[in-house]
Amino acid sequence: MKDLDFGPDKVHAKDFLSNFIDCNGEPKYMRILQEVANRKFRAIQIDLEDLFSYRELDEEFLSRVTENTRRYIGIFADAIDELMPEPTEAFTDDDHDILMTQRSDDGPENMDGPDPHQKMPPEIKRYFEVYIRASSKGRPFTIREVKASYIGQLVRISGIVTRCSDVKPLMQVAVYTCEECGFEIYQEVTARVFMPLFECPSRRCITNRTKGNLILQLRASKFLKFQEAKIQELSEHVPKGHIPRTMTVHFRGELTRKVAPGDVVELSGIFLPIPYTGFRAMRAGLVADTYLEAMSITHHKKRYEEYELVGDEEEQIVRLADDGDIYNKLARSLAPEIYGHEDIKKALLLLLVGAPHRKLKDGMKIRGDLHICLMGDPGVAKSQLLKHIINVAPRGVYTTGKGSSGVGLTAAVQKDPVTNEMVLEGGALVLADMGICAIDEFDKMDELDRTAIHEVMEQQTVSIAKAGITTSLNARTAVLAAANPAWGRYDLRRTPAENINLPPALLSRFDLLWLILDRADMDSDLELARHVVYVHQNKESPALGFTPLEPSVLRAYISAARRLSPSVPQELEEYIASAYSSIRQEEAKSNAPHSYTTVRTLLSILRISAALARLRFSETVAQSDVDEALRLMQMSKFSLYSDDRQKSGLDAISDIYSILRDEAARTDKLDVSYARALNWISRKGYSEAQLKECLEEYAALNVWQINPLTFDIRFIDA
C-alpha cells in the first residue's frame, strides 16, 4: 500500500491558520500563535466550526479532519511549526529552552548520517499542544450511542465524571545517551507501553561493532501531563431496565485537572481502541478496550467561584440588586410550578446563598452552610423541591435514605484496578463538597447510617480510619433533608417530639426544621387544584406577575452574592441576644415544646441573617435581616400553631369574627347574609353553633347588629 500524500492538506491547514478572520475582523489563529510564542499559554484549540465557515476549504477536507482526527492533529502541528512567529516579549528560559539551545549547538557534530533515531523529533521542540474541538451544534452522543463505526473519529459525549486518577507524567519522547559514542538517541513513544532501546543504533557504534550501552536520560526526555477519568451516562439517557454505561477518558497536557468527580460535563474527543497490557492482557485474550482521547471540556454548571460574569449578566444582576422586592422574586423563581410554600422557598433560597465560613485565629472553624429539614405529610411536594434545588445548585447530589448506606454517604475504601492499591472513594457527602446534598426519605434511614451525618453537619469533615488509611476528608456541604413524620402522617394528638421521631442530637444541627401539614381548607384546596390543572395542561406555571428568573441567572446572582462576607454590627448584639433568650424562656414555660432550642439556634439566627444580608449585597447585617430570620424560624412551625389556635374555643370565635370582617371588607359591603357567612366559615372548618355564639358575643359588644328573623349581619360603621 502506497503512503498517502498529506502535502496538500498541510498547505490547506497553513492557509486556514494564517488567513482565518473572526467576527471582529482579526486574524484569530495568528493572534493565538503569537501568544504561544510569547509563552502566555500552551493550548491551541482549532474549532471545527471555524473550519466549516472558512470558505476556501472544501467539504472533503472537513470530513477528513473529523474522521481521521489523530492524523490531522499532527498535520496542523507541522503547519504551526512552520508558521510560528518570533516572540515579541522577553521571557525567562526554562530547562527545556536551555536543553534545546545546547542541542541546536551540538546538532551538526552529533550527527553521523541520516539515521532516524538520531534525528530530533518535532515533538521535543514543541512548546504547544494542538486540540481540535468538535462543533457545539446538535445533540451530543450518549455513551451507548458511540459504536465501532466512530473509531478514530471526533465525537461529542455528555455524562457525569465518577472518578479521576492523579495527574502523572506520560513519556512522549524518550532520550538516551550512548556510553560509547556519546550521541543522543531519540525514541518517540506513541502508546501507553514501549520497549526501551538497549543497543546504540548510531553509525559509529555499528561500524566499530561495539554494542554501545544506552542510558535513559529522564531530564532530557519529554513528558506530558496525563490523567485518566471515568465518565458515566446521565440517568435520563439510560433506557428502561438498563444500568448506566461507563467510558474511560484520557486527558493530556493542559486539559488535566479540569474535572472532578461529580461534575456533569460535555467532552469532545477521539474515540480510539487500546489493547490491554500486562496481566489483564492474559485474562482478556483478544478483547481490546476503548477510550476517549479528550480534546475539549465544557462544564454544564460552573462552580460559584469559577463564575465570570459577562457584561450583559453583570448589568442584569445590578438591575436585580436595585429591585426592592428581589428577595421575594428570587424565592418565587424557585420551582414556580409548585403552588404556595412561599416561606419554604425563601428558606431554600437562603440555603443556596449560605453564610460565610468563619475561621478563628486558633484554627477553630464555624460553619456557614445552612441545613434544612422538610418534614411533612405525603404529597406536599417535598421531593420535587429537593430535585429542583439540586438542578439549580452548581454542585448537588441527590440520594434517598434507603438507597444509601453510611459508607455510601461518607467514604469507602476500595482497591484501585490500575495500581492495586487501597484508595479512598468519596461518597455522596464528599462529592457534594461546596454544594448541596439532598437526602430524601431521611426518616427511613438506619440509625447506624444516620450517625455518619452528625460529623458532616457540624464539623464539615468526614474522618476515616479503615484499611490502614487514616485521614479526614472535606465535606463542606449544606444538607437538605426531607422526611415523613413517625406514623406516615402528622398525628395531632401526639406531641411534636413523638411525631418528628429524630434524635435531638440531629435535630439541633438543622438550622430550620420545617413542618408542613396537609390541612383541609376549601379555599386553599381550590386554588391548589386550579394551579395543578393549569400546570398539567400548559406545562408551565400560571403568571406570577413577573417573569421567573432562569436557573442560570439565579446561579449568577447567587455567585455574586456569595462573594460578600457580612458582619454583625455592635448595636445588634444586644438585640439578637435578647431575642434568643426570650425564645429559650418561651420553650421553658411550654408543656409540649415544638423544637429544641440550643446555642446552635443562636448560630442559626446569625447564619440566616448573614445570608439575607448577602442577598441585599450588604456588608453589614441589618435589624430587618434578624427579624426576617426570627420570622422564618417562627413560620417553620406555623402549621402547628394554627392548630393550637383552633383547639381553644375562645380563639375559634375571634377567628370567625376576623374571617367575616375580612370578607366584608373585601366585598366592600356592610351587610352580610347569614347563608354567606355560614358558607365562609364552614370552608375553614367551623360549625354553625360556633358561628351563632360569635354573632351573639359580638352583637353584645355592639360591633354588628343581627336581624332577629333571618340572622343577617349588619356591621356598625364606627
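By the scheme Lys and Arg +1, Asp and Glu -1, what is the net charge of all other residues having a beta-carbon under 11 Å from that of ASN213?
Residues close to ASN213 contribute a combined charge of -2.
Measuring from label point to label point, each 7 Å out along Cα→Cβ, what is the MET100 to GLU447 span in nm?
6.8
Apply the Kirkwood formula to the range 137-299: the hydrodynamic radius equals the inverse of the mean of 1/r over all pairs of different alpha-carbon atoms; give it in Å with one decimal.
Taking every pair of different Cα atoms in the range 137-299, averaging 1/r and inverting gives 18.4 Å.
Under 17 Å Cα-Cα from LYS539, which aspartates and glutamates qualify once same-chain neighbours fewer than 8 residues away are excluded?
Once the sequence-local aspartates and glutamates are set aside, what remains near LYS539 is GLU337, GLU550.
Which residues' amide hydrogens lie under 5 Å from the amide hydrogen of GLN172, considering only partners 5 or more residues apart or on another chain, with H built in the peptide plane?
Excluding prolines and chain starts, which carry no amide H, the hits are LYS222, PHE223, LEU224.
What would the Debye equation give as log₁₀ I(q)/I(0) for the range 1-53 at q = 0.14 Å⁻¹, counting only Cα atoms as equal point scatterers?
Debye intensities relative to I(0), on a log10 scale: -0.46.
So which trypsin sites (Lys or Arg not before Pro) in the range 340-392 pass both tests, a DSSP loop state and at most 14 other Cβ atoms within 10 Å of the Cβ?
LYS361
Report ³J(HN,Hα) in whole Hz for each residue of the range 654-666, in order, from the Karplus equation J = 6.51 cos²θ - 1.76 cosθ + 1.60 where θ = phi - 60°; Gly and Pro get x.
Per-residue couplings from phi come out as 5, 5, 4, 4, 5, 5, 5, 5, 5, 5, 5, 5, 5 Hz.
Do any of LYS28/LYS137; LYS225/LYS415; LYS40/LYS125; LYS359/LYS444; LYS382/LYS589 go past 29 Å between their Cα atoms, and which?
Working: LYS28/LYS137 21 Å; LYS225/LYS415 24 Å; LYS40/LYS125 17 Å; LYS359/LYS444 35 Å; LYS382/LYS589 32 Å.
Checking Cα-Cα distances, LYS359/LYS444; LYS382/LYS589 exceed 29 Å.
Which order do you get for MET120, MET295 if you rank them by accessible area with a 1.4 Å probe, largest at the top? Spell out each step's value before the answer.
Values: MET120 50, MET295 10 Å².
Largest accessible area first, the list is MET120, MET295.
For the range 166-320, what is the relative contact order in percent, using Cα pairs closer than 8 Å and at least 6 residues apart in sequence? All intermediate terms of the calculation are to be shown ahead of the outcome.
Numbers: 224 pairs, mean separation 29.7, N = 155.
Rounded, it is 19 percent for the range 166-320.
Below 8 Å, C-alpha to C-alpha, sequence gap of six or more: please give me the relative contact order for the range 649-715 in percent. Show your work: numbers first, answer last.
Details: 56 pairs, mean separation 24.6, N = 67.
Over the range 649-715, the number comes to 37 percent.
Any idea of the accessible area per residue across the chain, 1.4 Å probe, to the nearest Å²?
Averaged over the residues of the chain, the accessible area is 53 Å².
What is the extension gain from SER687 to ARG494, computed as 0.36 nm multiplied by their sequence separation minus the C-alpha to C-alpha distance, in nm to one decimal? The partial results should precede the final answer.
Details: separation 193, 0.36 × 193 = 69.48 nm, distance 2.43 nm.
The SER687-ARG494 span can extend by a further 67.1 nm.
Hey, got a sec? Which trypsin sites (Lys or Arg not before Pro) in the range 218-269 land in a DSSP loop and have at most 10 other Cβ atoms within 10 Å?
ARG219, LYS240
Could you tell me the calculated FRET efficiency between GLN414 and THR207, based on Cβ-Cβ distance and R0 = 60 angstrom, to the nearest 0.05?
After rounding, the FRET efficiency stands at 0.60.
Round to the nearest 0.05 the FRET efficiency obtained for LEU670 and VAL553 when R0 = 51 Å and r is the Cβ-Cβ distance. Don't skip to the end; give the middle numbers.
Numbers: r = 48 Å, r/R0 = 0.94.
About 0.60, to the nearest 0.05.
Near the amide H of ASP712, under 5 Å away, which other amide H atoms are found, from residues 5 or more places off or on another chain, if H is placed in the peptide plane?
Residues meeting the amide H criterion: TYR674, ASN707.
From the P(r) of the range 143-235, could you give the percentage of C-alpha pairs in the tail past 17 Å?
66
Using a Förster distance of 30 angstrom, determine the FRET efficiency expected from the C-beta separation of THR162 and GLU67, and round it to 0.05. Please list the in-between numbers first.
Details: r = 29 Å, r/R0 = 0.98.
In this case the efficiency is close to 0.55.
Tally Lys and Arg at +1 and Asp and Glu at -1 over the other residues with C-beta under 12 Å from the C-beta of LEU695: what net charge comes out?
Net charge in that neighbourhood comes out at -3.
Taking amide H atoms as placed 1.01 Å from N in the peptide plane, list the residues 5 or more away in sequence, or in a different chain, whose amide H sits under 5 Å from that of ALA411.
Placed amide hydrogens put GLY427 under 5 Å from ALA411.
I'd like the Karplus ³J(HN,Hα) series for the range 603-615: coefficients 6.51, -1.76, 1.60, θ = phi - 60°, whole numbers in Hz, and an x wherever there's a Gly or Pro.
Coupling constants for the range 603-615: 5, 4, 4, 5, 5, 5, 5, 5, 5, 5, 5, 4, 4 Hz.
Count the net charge of all other residues whose Cβ sits under 13 Å from the Cβ of LEU603, scoring Lys and Arg as +1 and Asp and Glu as -1.
Here the charged neighbours net out to +3.
If you put +1 on each Lys and Arg Cβ and -1 on each Asp and Glu Cβ, how big is the dipole of the range 649-715 around its Cα centre, in Debye rounded to 20?
Dipole size: approximately 220 debye.
DSSP loop GluC sites (Glu not before Pro) in the range 492-543 with at most 13 other Cβ atoms within 10 Å of their Cβ, which ones?
The qualifying sites are GLU540.
Only Cα pairs under 8 Å and at least 6 apart count here; give the relative contact order of the chain as a rounded whole percent.
Dividing the mean separation by the residue count of the chain yields 9 percent.
Quick one: what are the phi-derived ³J(HN,Hα) couplings along the range 370-385, Karplus 6.51/-1.76/1.60 with θ = phi - 60°, whole Hz, x for glycine and proline?
Result, ordered by residue: 8, 10, 10, 10, 9, 10, x, 5, x, x, 10, 6, 5, 5, 5, 4 Hz.
The values are calculated or read from the model by the stated rules, or taken from the named source; none is laboratory data. Please read these numbers as outputs of a predicted model, since none were measured by experiment. Cβ atoms come from the backbone with ideal geometry, glycine included; neighbour counts cover every protein chain shown. Just the protein is used for accessible areas: all its heavy atoms, side chains included, with ligands, DNA and RNA removed. Shrake-Rupley method; radii C 1.70, N 1.55, O 1.52, S 1.80 Å.
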